[in-house]
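Have a look at the structure below before the remarks.
Throughout, read-outs are computed from the coordinates displayed, never taken from laboratory work. Predicted model, so just to flag it, every value in this text is computed and none were measured. Because the Cβ atoms are built from the backbone with ideal geometry, glycine has one as well, and the counts that use them run over all protein chains shown.
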Amino acid sequence: MKLTGVELRWVEMPLKSPFRTSFGTQTVRSLLLLRAVTDEGEGWGECVAMADPVYSPEYTEGSADVLRRFLVPALTGPVDGVSVAPRLARFHGHRMAKGALEMAVLDAELRARGVSFGRELGAVRDRVPCGVSVGIMNSIPELLDAVGGHVDEGYARIKLKIEPGWDVEPVRAVRERFGDVLLQVDANTAYTLADARHLARLDPFDLLLIEQPLPEEEILAHAELAKIVRTPICLDESITSARSAADAIRLGACQVVNIKPGRVGGYLEARRIHDVCAAHGVAVWCGGMLETGIGRAANVALAALPGCTLPGDTSASDRYYQVDVTEPFVLDEGHLTVPTGPGLGVTPLPDVLDAVTVKTEWIPL
Ligand SMILES: O=C(O)CCC(=O)N[C@@H](C(=O)O)c1ccccc1
């Protein structure tokens, strides 16, 4: 297969309500969609970098620049999904940009072959249980209303964002109101090892895990924390590859891993992380980055792999968006159906895509 060029689409998706985390509040999801044009058809990719480098070092304009100047031009000549990462390896970092480009090429290849993402990745289920992420709220009553709404919608698991000053009390209130719900928390690196005893105060609430309590580079500190906090530690920002997952597991830094394909450089590396974790008996789940239906389709396929034994942040489209750029993913008894069509199994709805596209750029090869 030969790439003739890649179209970048700057997309602005207004959120239904502000989404607050320990690193800020989002009201619009700005992201890049990639359309790979090949001699065998087109493929779609989603770059999950945020507009600002507040979750990871990557950001939208940086991803566009590295795609335009380095990553896309490196894919001249014959290419397919598995050959993208090796061709891009000489460029350091930029995993979200690399992952989006690999995703678009892989989607084009799989559509041409008539193979679904799920089939290619090794999905063993045709529907997956879904979790939902709940942001930091202005008050505990507001939090309880939000959680109650998601429980009523049928979500299989609730994830609460926490930060210093909003942790033990909100978690206690949710556990007391919703005694048997699967519950976990996500700190997005907001604490330090000095907070260990404070974080141990979350142990009585029967949480599935505490996600990324410490800064991403503090692997050994997470291992120290795991000796003090009984609740399993899950890493997100710290896990950037199969190698880093193996190291973190061997160092005792995590007992669960959140796999985000954009963070690790694509769905093929995501599968390798899944396999490494499964080999160590470590549970994994598919994280979310407020993806459109394009990224959501691929995430739901990943979430169907055998080692994904915990509900992921693979919520329905209407968790964040009034209108999705694809046919919406609709929750059915707490589950989403894994797309079965060729490639991603979904394609953007032209009118909707045009309505949320603020800029396009064609990168010829
Ligand atoms: O449901 C979703 O897609 C979002 C899940 C979620 O909370 N993602 C968080 C995270 O830290 O995991 C996030 C969102 C946006 C950007 C970065 C991170």
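Explain nothing, just the number: dipole magnitude of the range 4-116 about its Cα centre with +1 on each Lys and Arg Cβ and -1 on each Asp and Glu Cβ, in debye rounded to the nearest 20.
Numbers: 13 positive and 14 negative charges, 55 e Å.
Roughly 260 debye for the range 4-116.
Quick one: what Rg and Dmax do you get for the range 116-225 from the alpha carbons, in Å?
Cα only, the range 116-225: 15.8, 47 Å (Rg, Dmax).
So what's the chain giving for Rg/Rh, alpha carbon basis, Kirkwood Rh from the mean inverse pair distance?
Values: Rg = 19.5 Å, Rh = 20.4 Å.
Across the chain, the Cα-based Rg/Rh ratio is 0.95.
Which Cα, out of Leu305, Gly295, Ser315, lies furthest along the positive dipole direction of the range 260-328 (beta carbon charges, K/R +1, D/E -1)?
Highest projection toward the positive end goes to Leu305.
P(r) of the range 300-345 in 5 Å steps, Cα pairs, percent per bin?
Spelled out bin by bin, the range 300-345 gives 5, 20, 28, 27, 16, 5, 0 percent.
How big is the charge dipole of the range 192-303 about its Cα centre, in debye rounded to the nearest 20, if each Lys and Arg gets +1 on its Cβ and each Asp and Glu gets -1 on its Cβ? Don't jump to the answer; show the numbers that get you there.
Working: 11 positive and 14 negative charges, 51 e Å.
It comes to approximately 240 debye.
Assigning unit charges at the beta carbon (Lys, Arg +1; Asp, Glu -1) and nothing else, what dipole magnitude in debye, to the nearest 20, does the chain show about its Cα centre?
On the way: 36 positive and 49 negative charges, 155 e Å.
The dipole magnitude comes to about 740 debye.
Taking the convex hull of the Cα atoms, report for the range 248-365 its projected area averaged over all directions, in nm².
Computed as one quarter of the Cα hull surface, the answer is 9.4 nm².
Return the inverse of the average 1/r over all pairs of distinct C-alpha atoms in the range 1-119, which is the Kirkwood hydrodynamic radius, in Å to one decimal.
Numbers: mean 1/r = 0.0672 Å⁻¹.
It is 14.9 Å.
Report the paramagnetic label zone for Asp39: residues of the range 50-89 whose backbone N is under 12 Å from a point 7 Å from Cα along the Cα-to-Cβ axis.
From the range 50-89, the list is 77-79.
Which of Gly118, Gly345, Gly131 moves most in a GNM of the chain, Cα contacts under 10 Å?
Per the Cα network of the chain with a 10 Å cutoff, Gly345 tops the list.
May I ask for the net charge around Arg29, where only other residues with Cβ less than 10 Å from the Cβ of Arg29 are counted and Lys, Arg are +1 while Asp, Glu are -1?
Working: positive: none; negative: Glu12, Glu291.
After counting each charged neighbour, the total is -2.
Can you say what percent of the DSSP beta bridges in the chain, counting only those with both residues inside, are antiparallel? Round to 5.
Working: 34 of 57 bridges.
In the chain, DSSP labels about 60 percent of beta bridges as antiparallel.
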